[in-house]
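Below is one structure, written out as structure tokens; comments come after it.
The values are calculated or read from the model by the stated rules, or taken from the named source; none is laboratory data. Source: prediction; values computed, not measured. Virtual Cβ from ideal backbone geometry, glycine too; neighbours counted across all protein chains shown. Only protein heavy atoms, including side chains, enter the accessible area calculation; ligands, DNA and RNA are left aside. Shrake-Rupley method; radii C 1.70, N 1.55, O 1.52, S 1.80 Å.
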Amino acid sequence: MDHSREIELEGHIIDSGIMTRVFDRVMDMGGDFEIIIFEVGKKKADISYARLQIRADSEDRLESITSELHRYGVRLIDQDNVRLIPAEADRVVPKGFYSTTNHPTSIRYLDEWIPVEHIEMDCIIVVDEAAGRAICTPLSRLKKGDSVVIGEAGVRVVYPERPRETGMFEFMQGQVSSERPSETIVRKIAKELQKVRAAGLRIGLVGGPAIVHTGAGDALAALIREGYIDILFSGNALATHDIEYNLFGTSLGMNLKTGELITGGHKHHIYAISEVMRAGSIAAAVEKKIITGGIMYECVKAGIPFILAGSIRDDGPLPGVITDTVEAQDRMREHLEDCGMVLMIGTLLHSVAVGNCLPSYVKTICVDINPASVTKLMDRGTTQAIGVVSDAGTFVPALLAALRSNSNG
């Protein structure tokens, strides 16, 4: 182990498990470590500090280890200013570019630490040298000549620590509950949601067609009408089947009240799309009283923005569905500003898409009947998510009831 480098960690690094993760990662990658300084906070609110020497048998392995540890908030002792290289063409990154995490990040530029704005995972840091700003930039937005941060030197990441306050995010963060949502879990989610609203932050909902198929559409419509949802992210399917239900009482041709398939019901979603096409838009169909209730109706009436991102399998699609994926990503990013909580219910595709754009400090709850879908979201990097394995038809009405109970109590 002839190659070494000193690193430091600071914060609630013990009870958050960060120290253990660092030790494990070093050994898993074939390195070794020595603790030089370890100052433990004596009280709950006190922070701890550690300085370690990391050793490896080659410079390349040492570089790989320190690069991996960087994502846990580890810092090199001697921090240089960031290195910048201009992008040679639109959407072409320089070799060795820094790829962002979704954790709060700052860079050392001209001997000062400045925050990276609009942080999300798997992006590039571009420095506006004239304004002295650092901006997290998706590859699709990278322009020729942009000053791109190279390597980890001069980049500081703040890894999320276990929340100090008492609440569900203290004991459930990063876990998947395999039980159906008990009253206790739903009540805790409702309380967290109300706390976020009281702090002046917005609530986003990512929804799939299962919300309508399982009969939870009326409950979601009520959540929107009663002011608990500020932005809806979805695709063509949820909006189409919500409108189908309003027009025909069916979803995928099945009567939601009786559970029976209706003769000719397989054509209802096409009729629904066609009626909205005739009106010109979802909002116009509401104004013309073609659509008289449901999720999309309540969004229009309350002025709640909805971002409908299309996919290759869509019928129609409805007017207003964004079929350009880059444009859909940009629209999602615009509306995620000031979100303090995002509920993801019954859609893996859109949950991962929105999750990829979320900073790690946004409280995220993923609800799906398939445990693999919930776990996959976390595996893709949205590690702050709490997973609840449940049918949407059970969860959404239970959440509505808990919120009403809290408000009345």
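For region 142-161, what are the residues that are open to solvent by 30 Å² or more (accessible area, probe 1.4 Å) and either within 16 Å of His103 (Cβ to Cβ) or free of Cβ contacts under 8 Å to residues at least 40 places away in the same chain (or both)?
Glu152, Arg156, Val158, Tyr159, Pro160, Glu161
Can you confirm whether region 358-365 contains a residue that is buried (at least 19 other Cβ atoms within 10 Å of the Cβ), of a type in the set (A, V, I, L, M, F, W, C) and more than 23 Å from Val196 (Cα to Cα)?
No, because not a single residue in region 358-365 is buried (at least 19 other Cβ atoms within 10 Å of the Cβ), of a type in the set (A, V, I, L, M, F, W, C) and more than 23 Å from Val196 (Cα to Cα).
Can you report the number of residues in region 165-202 which are open to solvent by less than 20 Å² (accessible area, probe 1.4 Å), within 19 Å of the chain's Cα centre (by Cα) and modelled with pLDDT of 60 or more?
Qualifying residue count, region 165-202: 5.
Report every pair of residues separated by at least 6 positions or lying on different chains whose Cβ atoms are under 9 Å apart, first residue within region 396-408 and farther than 11 Å from Ala222 by Cα and open to solvent by less than 30 Å² (accessible area, probe 1.4 Å), second in a helix (DSSP H, G or I) and aromatic (Phe, Trp, Tyr).
Close Cβ pairs (under 9 Å, with a partner that is in a helix (DSSP H, G or I) and aromatic (Phe, Trp, Tyr)) do not exist here.
Quick one: Met29 ticks every box in (1) open to solvent by 50 Å² or more (accessible area, probe 1.4 Å); (2) in contact with a helix residue (DSSP H, G or I) (Cβ under 9 Å, 6 or more places away or on another chain) bar one, so which box is it?
Going through (1) open to solvent by 50 Å² or more (accessible area, probe 1.4 Å); (2) in contact with a helix residue (DSSP H, G or I) (Cβ under 9 Å, 6 or more places away or on another chain) one by one, Met29 breaks only (1).
This table checks each residue for (1) on the phi > 0 side of the Ramachandran plot; (2) at pLDDT 95 or above; (3) under 15 Å from the mean Cα position of the chain (by Cα).
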| position | (1), (2), (3) |
| --- | --- |
| Tyr271 | no, yes, no |
| Val276 | no, yes, no |
| Ala283 | no, yes, no |
| Pro305 | no, yes, no |
| Ile312 | no, no, no |
| Gly316 | yes, no, no |
| Cys339 | no, yes, yes |
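Grab the helices (runs of 4 or more DSSP H) fully contained in region 236-332, keeping just those with 1 or more residues being closer than 24 Å to Cys357 by Cβ.
Values: elements: 236-248, 268-279, 282-287, 295-302.
Fully inside region 236-332 and qualifying: 236-248, 282-287, 295-302.
Which one of the conditions (1) in contact with an Asp or Glu (Cβ under 6 Å, 6 or more places away or on another chain); (2) closer than 21 Å to Val157 by Cα does Arg55 fail to meet, given that it meets all the rest?
Going through (1) in contact with an Asp or Glu (Cβ under 6 Å, 6 or more places away or on another chain); (2) closer than 21 Å to Val157 by Cα one by one, Arg55 breaks only (2).
Mind checking which residues of region 367-382 are open to solvent by 70 Å² or more (accessible area, probe 1.4 Å), closer than 23 Å to Asn102 by Cα and not acidic (Asp, Glu)?
Residues satisfying the conditions are Lys376, Arg380.
Ile14 fails exactly one of the following numbered conditions: (1) of a type outside the set (Asp, Glu); (2) within 17 Å of Tyr72 (Cα to Cα); (3) open to solvent by 60 Å² or more (accessible area, probe 1.4 Å); (4) out of contact with any strand residue (DSSP E or B) (no Cβ under 8 Å at 6 or more places or on another chain). What is the number of that condition?
So Ile14 meets the others, but not (4).
Strands (runs of 3 or more DSSP E) wholly in region 1-110 with at least 3 residues that are of a type outside the set (A, V, I, L, M, F, W, C) - which ones? Before the answer, list the steps.
Values: elements: 3-11, 32-39, 48-56, 83-86, 105-109.
It comes to 3-11, 32-39, 48-56, 105-109.
When Phe38 is evaluated against the numbered criteria (1) open to solvent by 50 Å² or more (accessible area, probe 1.4 Å); (2) among the aromatic types (Phe, Trp, Tyr); (3) within 31 Å of the chain's Cα centre (by Cα), which criterion, by number, is the only one it fails?
Checking Phe38 against (1) open to solvent by 50 Å² or more (accessible area, probe 1.4 Å); (2) among the aromatic types (Phe, Trp, Tyr); (3) within 31 Å of the chain's Cα centre (by Cα), the one that fails is (3).
Taking Leu220, is it closer than 17 Å to Thr347 by Cβ and in a helix (DSSP H, G or I)?
In short, yes.
Between Ile304, Ile282, which is open to solvent by less than 60 Å² (accessible area, probe 1.4 Å), closer than 15 Å to Leu220 by Cβ and in contact (Cβ under 8 Å) with a residue 24 or more places away in the chain?
Answer to the selection: Ile304.
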